[in-house]
Amino acid sequence: MNAKGLVFKYGDNVDTDVIIPARYLNSSEPSELAAHCMEDIDRDFVNKVNKGDIIVANKNFGCGSSREHAPIAIKAAGISCVIAETFARIFYRNAINIGLPIIECPEAAVEIEAGDEVEIDFDSGIITDITKGKSFKGQAFPPFMQKIIAAEGLINYINSSAE
């Protein structure tokens with residue numbers, strides 16, 4: 001499994017309130033959440049993001065409220081992966097639960113810049129900044145997590161395993 005796209009870059013402590021502002025939480029419809037994703041930190045995000053693009057951030061991405069709306073909004077906006085130095089633990093779990101690939105890699109998070117073209121090999125954890133010609137070793141997903149992501153989330157994975 002691979003992802004490839006252009007990078008949107010953010011700093012430390014990107015919290016769930018800027019990923020999807022609380023005023024939109026009356027909806028759980030992915031397309032509605034995607035329409036407002038990142039708007040309080042990056043007003044142009046929804047107009048520029050393309051399917052497959054990648055978010056790169058520094059420390060503690062997804063801190064704040066423990067809402068599943070945040071990773072749903074990111075995934076529905078077309079983001080194929082989030083790379084960060086570190087993730088808030090509840091965001092990490094929620095992302096896996098809904099099938100959004102995320103990778104911790106401090107070196108990549110620091111060196112990759114907005115607009116770089118990046119490719120990620122989820123089997124090996126190798127992150128390649130095609131623009132700069134550099135590679136970084138992120139944490140590969142264990143096979144069971146890859147199955148959850150391939151199934152588009154934990155519920156789908158459980159349901160397909162029960163069949």
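Summary table
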item: Backbone N within the range 87-105 under 19 Å of label point (7 Å from residue 150 Cα along the Cβ vector); result: 96-103
item: For the range 87-157, with +1 on Lys and Arg beta carbons and -1 on Asp and Glu, the positive-most of 135, 120, 97 along the dipole; result: 97
item: Dipole in debye (nearest 20) - the range 3-149, about Cα centre, beta carbon charges: Lys, Arg +1; Asp, Glu -1; result: 340
item: Alpha-carbon spread of the chain, three principal axes, descending order, Å; result: 42, 42, 25
item: Kirkwood Rh in Å, taken over all unlike Cα pairs in the range 77-156; result: 13.0
item: Where trypsin sites (Lys or Arg not before Pro) fall in DSSP loop in the range 58-162, at most 15 other Cβ within 10 Å; result: 132
item: Partners for residue 9 among lysines (Cα-Cα distance below 26 Å; same-chain residues under 8 apart left out); result: 48, 51, 59, 75, 132, 134, 137
item: Student exercise, the range 1-75 dipole from Lys, Arg, Asp, Glu Cβ charges, in Debye to nearest 20; result: 280
item: Nitroxide proxy distance, nm - points 7 Å out along Cα→Cβ at residue 123 and residue 1; result: 1.3
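The numbers here are math on the coordinates, done by the rules we state, and not lab data. Note that the structure is predicted; figures quoted are calculated from it, not measured. In this analysis, Cβ positions are derived from the backbone assuming ideal geometry, glycine residues included, and neighbour counts consider all displayed protein chains.
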